[in-house]
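Please read the structure below before turning to the comments.
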Amino acid sequence: MLGGTEAQVALLVGVTAYMSLSLLRRFPLLLHRRKEVVRGKSCRHISHRGGAYEQPENSVRAFSYALEKCKTNMLELDVWSTKDGQVVVSHDRFLPELSEAEGKYTGEKKDITQTPLQELPMIAGSDQLVPPVQYLEVDKTFTWPDDFPPCPMPLLKELFEKFLNVPMAIDIKQRGCEETVQRVLRMVDEYNRKPITILNSFHDENISLVLKHDKQALTGAAPREVLSVYLLYALGLLPLFPIRSSVLTIPHPSCSWAGHEAEKACVSVCKKFPSSLHPLVTGVVTSVVLWASRQLVNPGLFNHLKARGLLIFFWVCNTRASIEAAFRDGADGVMSDRPSLLREVLDDIEELGAVGGPKLERGEKRNEDCSGGVDKKADLTRQKEKGWGKGMHNSNIEPKRKKSN
């Protein structure tokens, strides 16, 4: 057992440590230098792949639409390297081929990394292209708002030349490919884009490669770093540790991501159990995944990160309710496949002077139809009752839909 003096010393050390951590948690700049991210630019409106719900994703057409029609602040895009070392903008590695004569899918696919630039297929036209349904929350009768012909896949260099001063968030898809990372960094330097370009990846090794070659590059936290940030914060130790990246980019729990991840996890876990236990396993796994997604929203953590200069980006919010929720939860920027809807919500926020729109009461849900649109009559009634949204008149911009037979 500790003697009186030892106990007093231990108590003093404990109190000092607690007070120091509390002080650093509130005033982290006493220990860490504040990060400078996208200086002088707003990042609130981020067009995910240029707006995959409204235009052909990752195309010049989509990016131009997002900037000209939706006044986006930042473009989000994905890149790969071709076999001949060209950095192209595409989310998927394997691309469906189109016939040259008819512009229709042939059923064959080409691997970007094993195909020269000149042999890559075109981006399909509106009669063939289907948007990424994992985020869209729409039914199968979706059609594009406008018709468009097949178009070439853009080079990253082309986007840098066309959109010189536009902030971009670039997701490097090619896992562990140092050559791709170096090519991207060279172009960022060549076009003097370092202050307005954030480099992201779901692969931690890609972010490590970025910072290996350029310690001043702006990066988004990859999954492993995100996990470590949350864990250190939960332990009360985050104020003592440096944070590698400049942006925390995470899914918002209101978007469809959590449900899709729960489905994938259920399929994987159920394989390890007899079929008789699948309903129980599915219920447990789904509950755990959805609970974990809700823990991503942590106001205390967000305040600490913002005090250190980091930005908080949420993806991918494709309904009015999820966009409003993301801003209420402290987002500095929201990614959406529906840039017109995101612009509409931000305009309403600016007009009404309310961040994120009306706050829902406990247990209250926003009225939405099956496509993620708002029941506008009921919603406006609720807003008028609460005195929020005086003069609000905009409606969601919905795409054309095929008539059901």
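Along the stretch 336-349 the Karplus relation, 6.51 cos²θ - 1.76 cosθ + 1.60 evaluated at θ = phi - 60°, assigns HN-Hα couplings of 8, 7, 10, x, 5, 5, 4, 5, 4, 5, 5, 5, 5, 4 Hz to successive residues, with x for each Gly and Pro.
For the pair T5 and L235, label points projected 7 Å from Cα toward Cβ lie 3.3 nm apart.
Spin-label model, A307 to Q118: label points 7 Å out along the Cα-to-beta-carbon direction sit 5.9 nm apart.
With a simple spin-label model that places each label point 7 Å from the Cα along the Cα-to-Cβ direction, the separation between S287 and S64 comes to 5.3 nm.
What is the extension gain from S22 to K41, computed as 0.36 nm multiplied by their sequence separation minus the C-alpha to C-alpha distance, in nm to one decimal? Write out the running numbers ahead of the final one.
On the way: separation 19, 0.36 × 19 = 6.84 nm, distance 3.16 nm.
Stretched fully, the S22-K41 segment lengthens by 3.7 nm.
Would you please put 54-66, 215-227 in order of how densely packed they are, using the mean number of other Cβ atoms within 10 angstrom per residue and starting with the highest?
Values: 54-66: 24.2, 215-227: 17.2.
Averaged packing, sorted descending, gives the order 54-66, 215-227.
When peptides 301-307, 340-346 are ranked by their average number of other Cβ atoms within 10 Å per residue, the highest-first order is 340-346, 301-307.
Among I170, I323, the ranking by other beta carbons within 10 Å of each residue's beta carbon, starting with the fewest, stands as I170, I323. Of the residues I172, I243, the one with the fewest other Cβ atoms within 10 Å heads the list, and the complete ranking is I243, I172. Neighbour counting of Cβ atoms within 10 Å sorts the residues S90, S287, S201, fewest neighbours leading, into S287, S90, S201. Orientation-averaged projection of the stretch 211-326 equals 9.4 nm² [convex hull of Cα atoms, one quarter of hull surface area]. Take the Cβ atoms of D146 and K71, set R0 to 22 Å, and the FRET efficiency comes out at 0.75. List the pairs from K157/K194; K41/K212; K110/K194; K173/K264; K173/K194; K110/K162 whose alpha-carbon separation is above 22 Å, in the order I gave them. Exceeds cut-off: K41/K212; K110/K194; K110/K162. May I ask you to derive the FRET efficiency for S276 and R175 from their Cβ-Cβ distance with R0 = 22 Å, giving the value to the nearest 0.05? Approximately 0.05, to the nearest 0.05.
Residues with amide H under 5 Å of G309's amide H, sequence separation 5 or more or different chain, H placed in the peptide plane at 1.01 Å from N; which? So G309 has HN proximity to K35.
Entry for the stretch 23-91 at q = 0.11 Å⁻¹: log10 I(q)/I(0) = -0.44, Debye formula applied to identical alpha-carbon scatterers, no solvent contribution. Applying Stokes-Einstein at 37 °C and 0.692 mPa s to the Kirkwood radius of the stretch 260-356, computed over alpha-carbon pairs, gives a translational diffusion coefficient of 209 µm² s⁻¹.
The numbers here are math on the coordinates, done by the rules we state, and not lab data. The structure displayed is predicted, hence computed values, not measured ones. Note: ideal-geometry Cβ built from the backbone for every residue, glycine included; neighbour counts use all protein chains shown.
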